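Q: This is the structure I want to talk about, given as structure tokens.
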Amino acid sequence: MQELFTYKSLGTLTGAVTATVLLVQFLKMLRPFRWLPARLLVIMVAEGVVIITNIATNMFSVANVPLYFLNGLPCGVFRYWKPTRHQRPLI
């Protein structure tokens, strides 16, 4: 695999979560983003990744904006999901 990210890979949940994690880790160090709570930054980045991927692949439609929002949520949820005592880890 030559490229780490392609628009095809960013269109999958795995690619979007990976891009979200990497971008958030980088953005948290920058001064303008330090005051933001990490969870809010994760949701903003995840939604941005999903929407920009759809725009870049010419799949964007205003009617699908609620779906883009719902598809971006798992990217942020997986980033901060922590099992309780009674739940088994995902991996």
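Q: Quick check on this structure: which one of ALA38, ALA46 is modelled with pLDDT of 85 or more and among the small types (Gly, Ala, Ser)?
A: ALA46
Q: Let me ask something else about it. Might you let me know whether the range 50-58 holds any residue that is on the phi > 0 side of the Ramachandran plot and in a loop (DSSP other than H, G, I, E, B)?
A: There is at least one residue in the range 50-58 that is on the phi > 0 side of the Ramachandran plot and in a loop (DSSP other than H, G, I, E, B).
Q: Restricting attention to the range 59-70, which residues are in a helix (DSSP H, G or I) and either at pLDDT 90 or above or not hydroxyl-bearing (Ser, Thr, Tyr) (or both)?
A: VAL62, ALA63, ASN64, VAL65, PRO66, LEU67, PHE69, LEU70
Q: I've got another one for you. Residues being loosely packed, with under 13 Cβ neighbours inside 10 Å and either among the β-branched types (Val, Ile, Thr) or under 23 Å from LEU4 (Cα atoms) (or both): count how many of those fall in the range 31-55.
A: Here the count works out to 1.
Q: While we're looking at this one, here's another question. Sort through VAL77, VAL21 and tell me the only one that's of a type in the set (A, V, I, L, M, F, W, C), at pLDDT 85 or above and part of a helix (DSSP H, G or I).
A: Matching residue, one of VAL77, VAL21: VAL21.
The values are calculated or read from the model by the stated rules, or taken from the named source; none is laboratory data. What you see is a predicted model, and the numbers here were worked out from it, not measured in a lab. Positions of Cβ are generated from backbone atoms using ideal geometry, with glycine treated the same way; all protein chains shown enter the neighbour counts.
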